[in-house]
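Take a look at the structure below.
The values are calculated or read from the model by the stated rules, or taken from the named source; none is laboratory data. Small disclaimer: the values here were computed from a predicted structure and weren't measured. Quick reminder, even Gly has a Cβ in these numbers, built from the backbone with ideal geometry, and neighbours come from all protein chains shown.
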Amino acid sequence: MLTVIIPTNESERPLVRTLACLVGGVTAGLVRDVILADAGSADETAKVADVAGCTFMRAPGPLGQRLRRAAASARGDWLMFLRPGTVLEPAWIGETLRFIEQANMEDEPRAACFRRVARVASHGTALREAGRIIRGAFGAPRPDQGMVIAKRVYERLGGHGDQGSNPESDLIRELGRRRIAILQAGASLS
């Protein structure tokens with residue numbers, strides 16, 4: 001049903017946290033496969049992928065190109081893009097299933113991002129984090145919130161581009177705020 005795509009580059013430690021939160025989705029039958037689109041890590045990222053049963057795709061080149069290549073090899077009809085270190089709340093499984101079921105009944109399926117959750121603040125950064133959350137609630141979703149999108153919609157849009165400096169944000173802008181649902185399950189980037 002769902003292929004999770006994670007772009008990695010020297011991501012060994014944050015990747016472990018992200019993969020751990022996906023285990024429930026695997027056992028629930030939601031996650032079909034996980035692909036790591038790696039830029040050429042020299043750390044133990046490949047070993048983490050192997051232990052976790054992920055597909056490790058060494059794909060040097062621009063981020064957009066790596067993400068498109070991983071999406072093209074995805075086995076699921078739906079794609080979930082996550083950054084290494086993103087941790088999803090346990091409710092993500094039910095929220096994602098409901099979103100996919102509803103979107104499959106719509107003529108023009110939308111994408112979804114997870115609700116932005118505050119990170120543990122330190123050294124007087126609580127106010128800055130609160131500001132980021134408020135901007136996230138009223139502005140466009142951000143790449144660190146993850147994205148769930150039908151593979152056919154992703155392909156119709158042409159996937160992530162190569163030209164911009166931030167292909168993840170560019171795809172969100174191309175979709176437009178009205179075509180992106182915000183799921184109640186939260187995502188935090190550790």
> Right, ALA72: loosely packed, with under 14 Cβ neighbours inside 10 Å, over 17 Å from THR18 (Cβ atoms) and modelled with pLDDT under 75 or not?
Replying inline: no
> Among the residues of the range 22-66, how many are among the hydrophobic types (A, V, I, L, M, F, W, C), assigned to a helix (DSSP H, G or I) and buried (at least 20 other Cβ atoms within 10 Å of the Cβ)?
Replying inline: 4
> What are the residues in the range 1-20 that are more than 14 Å from the chain's Cα centre (by Cα) and either under 17 Å from GLY76 (Cβ atoms) or charged (D, E, K, R) (or both), if any?
Replying inline: MET1, GLU10, GLU12, ARG13
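Residues are listed down the side, and each one gets a yes or a no for (1) out of contact with any helix residue (DSSP H, G or I) (no Cβ under 6 Å at 6 or more places or on another chain); (2) in contact (Cβ under 8 Å) with a residue 24 or more places away in the chain; (3) not hydrophobic (A, V, I, L, M, F, W, C):
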{"site": "THR3", "(1), (2), (3)": "yes, yes, yes"}
{"site": "GLU10", "(1), (2), (3)": "yes, yes, yes"}
{"site": "LEU15", "(1), (2), (3)": "no, yes, no"}
{"site": "VAL23", "(1), (2), (3)": "yes, no, no"}
{"site": "VAL26", "(1), (2), (3)": "yes, no, no"}
{"site": "GLY40", "(1), (2), (3)": "yes, yes, yes"}
{"site": "ASP43", "(1), (2), (3)": "no, yes, yes"}
{"site": "VAL51", "(1), (2), (3)": "yes, no, no"}
